[in-house]
Amino acid sequence: MLFATLIGYLAFGALPDGVSLLGIALVAAGGAYTLRREGFLGRLRLRGGRLLRRPGYAGRI
């Protein structure tokens, strides 16, 4: 989305409005959550389905 915004600005001189920025933030947050969650589930599968806590792990996913 960063490159699309850059190309839009360079080609058309247009920047996203507030609603578009909100949508971009929602999509980025959803992607970040999915990456974190899938990483957690992947580590869980590698451990045979057992949840092993790391040192300093406070129980957050």
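The values are calculated or read from the model by the stated rules, or taken from the named source; none is laboratory data. Keep in mind it's a predicted model, so treat the numbers as computed, not measured. Methodologically, a virtual Cβ is constructed for each residue, glycine included, from the backbone with ideal geometry; neighbour enumeration extends over all protein chains shown.
Structure values in brief
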| item | result |
| --- | --- |
| Residue list for the stretch 2-26, restricted to those being in a helix (DSSP H, G or I) and either exposed (fewer than 10 other Cβ atoms within 10 Å of the Cβ) or touching a residue at least 24 places away in the same chain (Cβ under 8 Å) (or both) | L2, F3, L10, A11, F12, G18, V19 |
| Meets criteria (hydrophobic (A, V, I, L, M, F, W, C), in a helix (DSSP H, G or I), out of contact with any helix residue (DSSP H, G or I) (no Cβ under 7 Å at 6 or more places or on another chain) and modelled with pLDDT of 90 or more) for L41 | no |
| Counted residues, the stretch 6-36 - those being among the charged types (D, E, K, R) and on the phi > 0 side of the Ramachandran plot | 0 |
| Options L15, L46, L26, L6; residue that is at pLDDT below 90 and among the hydrophobic types (A, V, I, L, M, F, W, C) | L46 |
